[in-house]
Each structure stands twice: as C-alpha cells, then as structure tokens.
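Enquirer: My structure is below; once you've seen it, I'll send some questions.
Bear in mind that the values in this text are calculations on the coordinates, not laboratory data. This structure is a prediction, so every number in the text was calculated from the model and none was measured. All Cβ positions, glycine included, derive from the backbone under ideal geometry; neighbour counts span all protein chains shown.
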Amino acid sequence: MPVFDLSQTPLRELNSALHNLGSGANDTAFEVVNPRGSHAVAVGIDSPVTVEVRGSVGYYCAGMNDGGMITVHGSAGPGVAENMMSGTVVIEGDASQYAGATGQGGLLVIKGNAASRCGISMKGIDIVVHGSIGHMSAFMGQSGHLVVLGDAGEALGDSLYEAKLFVRGSVKSLGADCIQKDMRPEHLEKLAELLEKAGVKDVKPEEFKRYGSARKLYNFNIDNAEAY
C-alpha cells in the first residue's frame, strides 16, 4: 500500500498517482497521513481505488469521485464529494457546508454533522448523515436521496425538484414548495437499503418522515398567466 505523507510530499504527487492508475494496476489501496487540512485531497479519481485519509481535510476533498472508495478519518471542509459521479465517500467526523453539492451518483456518508446547504443541487447522489444538517439543505435538489438521522435546519428542500428527503429528527422549517409526504412501502425499502449501506444500526426506517416537492413551484399555471 503506497503511503503519502503530505507533510513531506506535495499534494500534486498524491493526486497524480491516483489519476495515473491504468487497468490492471497493482496499487489499488492508498493511505494518506498528515493531511493537515489540505484542500482538494483525492480529487478526480476515476477508478475503483481505496484511499484512507488519516486526519482532517480542507475543501473539495474527493470532488468528482467516479468509482473510488475514500474514507476520511477526521472532518472535512466545504464541498466534500462535490459533483461525485459514483463510488463511496465516508467522513468519520463532521462536514462543512455544501457537502455532496451537485452530486450525480454514488454514496456520501457523514458520521458526524453536516453544515448548511448539504446536498445542494443534488442530481442523483445518495447522502446519509448520522448527525444533523444545517439550513438550506437539498436546495434545488433534483434527484437522489438525503437521509438525516438527526435534525434539519431552516428551509429544508427549498425549491426542491424530485430528490427524496428523509429526516428522523425535527425540521426547523421547510423551504418553498417542500412538503411532508406519506411514507410508502417502496420508500421504507429504499431507506432500509441506504441505512444498511451507511453502516447505521438499531434505527428503523419507520422512525423517519419523508419530505418532497409539492410540484407547484416549477410548473406553469395557466390561471396565473398574467403574472408571467
């Protein structure tokens, strides 16, 4: 297992090594020590490689991940897993604002809390937060799932499209066009699957409430034609 000590090795060398893995490469597992809050750690991975980061990172860690399995044994700054395509990113600590922003796919697991705008403009990513999330989370969420075991801040799901939101705790307020919806069997099944993937135990899907779009904000209403 190659080990990159970022107190001794430039970050560019780590990311270059992760980007230059060809098919049949022998090195499929990497360890990063002394990240010291470095920005853009393990960005742009496009192969099924495993990266263990021993410490906290700065902004945009694991951005654009496409197939990698990245675990941060610490906390992450803004934009972790931004625009992720596939694979898995696990943050053992807390995540700062806009975690998983514009994510296209894959699974982001935050074992602590997430700050504001978690899952903003999500486009297919699944996000599971073991703790609570801040305000304006899932703003303009288009598709995918946001699962929160704790509480949600103000304006959850503001201007939401078709992303599905599941919150176990309290919601301070709902954003424009976001409403509570019935939890049907297919939602319980999907939620159980996500909880299992995220390593959540002793929590039942029935303990959550589902929120989604009222589908009024982005539809043209002929009755209000004079207002347009």
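Enquirer: Please tell me the relative contact order of the stretch 113-228 in percent, rounded to the nearest whole number, where contacts are Cα pairs under 8 Å and at least six residues apart.
Expert: Across the stretch 113-228, relative contact order equals 21 percent.
Enquirer: Then there's this: Taking Cα centroids, how far is the stretch 6-70 from the stretch 120-151 in Å?
Expert: So the separation of the two Cα centres works out to 24 Å.
Enquirer: If you plug each phi of the stretch 74-81 into the Karplus form 6.51 cos²θ - 1.76 cosθ + 1.60 with θ = phi - 60°, what whole-Hz ³J(HN,Hα) values come out, in order, with x for Gly and Pro?
Expert: Here the 3J(HN,Hα) series is x, 10, 10, x, x, x, 4, 6 Hz.
Enquirer: Which of these, PRO35, PRO78, PRO185, has the largest mean-square fluctuation under a Gaussian network model of the chain (Cα springs below 10 Å)?
Expert: Maximum among the listed residues: PRO185.
Enquirer: Just to verify a number: FRET efficiency for THR50 and ALA192, C-beta to C-beta distance, R0 = 22 Å, to 0.05?
Expert: After rounding to 0.05, the efficiency reads 0.25.
Enquirer: Amide H neighbours of GLY144 under 5 Å, counting only residues 5+ apart in sequence or on other chains, H built in-plane at 1.01 Å?
Expert: Distant-sequence amide H within range of GLY144: GLY124, LYS164.
Enquirer: Name the residue from SER47, VAL171, LEU149 whose Cα lies farthest towards the positive end of the charge dipole of the chain, charges +1 on Cβ of Lys and Arg and -1 on Cβ of Asp and Glu.
Expert: VAL171
Enquirer: How much length would be gained if the chain were fully extended between LYS209 and LYS181, taking 0.36 nm per residue of separation minus their Cα-Cα distance, in nm to one decimal?
Expert: So the extension gain works out to 9.3 nm.
Enquirer: Between Rg and the Kirkwood Rh of the stretch 113-228, both from Cα atoms, what is the Rg to Rh ratio? If you can, show how the numbers build up before the last one.
Expert: On the way: Rg = 14.3 Å, Rh = 14.2 Å.
Radius of gyration relative to Kirkwood radius: 1.01.
Enquirer: Now for a different question. Can you list residues whose amide H is under 5 Å from VAL32's amide H, if they're 5+ apart or on another chain and H is modeled 1.01 Å from N?
Expert: PHE4, GLU52, VAL53, ARG54
Enquirer: Expressed as a rounded percentage, what relative contact order does the chain have, with Cα pairs under 8 Å and six or more residues apart?
Expert: Taking the mean separation of contacting Cα pairs over the length of the chain, I get 10 percent.
Enquirer: Something else now. Please work out whether the stretch 92-156 counts as rounded, prolate or oblate from its C-alpha gyration tensor, where a ≥ b ≥ c are the square roots of the eigenvalues and a/c under 1.5 means rounded, while otherwise a/b larger than b/c means prolate and anything else oblate?
Expert: Taking the square roots of the gyration eigenvalues as a ≥ b ≥ c, the stretch 92-156 is oblate.
Enquirer: List the residues whose amide H sits under 5 Å from the amide H of VAL171, counting only those 5 or more places along or on another chain, with H placed 1.01 Å from N in the peptide plane.
Expert: ALA152
Enquirer: Another question, if that's okay. Taking Rh as the Kirkwood radius computed over C-alpha pairs, what is the Stokes-Einstein D of the chain at 25 °C in a medium of viscosity 0.890 mPa s, expressed in µm² per second? Intermediate results must be reported in sequence, preceding the final value.
Expert: On the way: Rh = 17.8 Å.
Estimated diffusion coefficient is 138 µm²/s.
Enquirer: Estimate the FRET efficiency between GLN142 and GLN8 by the formula 1/(1 + (r/R0)^6), using the beta-carbon distance for r and 41 Å for R0, to the nearest 0.05.
Expert: 0.45
Enquirer: Which angle between 0 and 90 degrees, to the nearest 10, do you get for helix 185-197 versus the longest principal axis of the chain when only C-alpha atoms count?
Expert: 20 degrees
Enquirer: If you take the Cα Rg of the stretch 61-111 and divide it by 2.2 N^0.38 Å, with N the number of residues, what do you get?
Expert: On the way: Rg = 9.2 Å, N = 51, 2.2 N^0.38 = 9.8 Å.
The value comes to 0.94.
Enquirer: Still on this model: Over the stretch 1-116, calculate the relative contact order: mean separation of alpha carbon pairs under 8 Å at least 6 apart, over the residue count, as a percent.
Expert: Details: 356 pairs, mean separation 20.3, N = 116.
Result for the stretch 1-116 is 18 percent.
Enquirer: Which value, in debye to the nearest 20, describes the size of the charge dipole of the chain about its Cα centre when Lys and Arg Cβ atoms bear +1, Asp and Glu Cβ atoms bear -1, and nothing else is charged?
Expert: In total the dipole reaches around 300 debye.
Enquirer: Let me ask something else. For the stretch 28-132, just the Cα set please: Rg and Dmax, both in angstrom.
Expert: Values for the stretch 28-132 (Cα only, Rg and Dmax): 11.6, 34 Å.
Enquirer: Are any of the pairs LYS164/LYS201; LYS190/LYS216; LYS123/LYS197; LYS111/LYS164; LYS164/LYS204; LYS123/LYS201 more than 23 Å apart by Cα-Cα distance, and if so, which?
Expert: Over 23 Å apart, Cα to Cα: LYS190/LYS216; LYS123/LYS201.
Enquirer: Taking θ = phi - 60°, what integer Hz values does the Karplus form 6.51 cos²θ - 1.76 cosθ + 1.60 yield along the stretch 138-153, in sequence order, with x for Gly and Pro?
Expert: 6, 4, 6, x, 9, 7, x, 9, 10, 10, 10, 7, x, 9, 10, x
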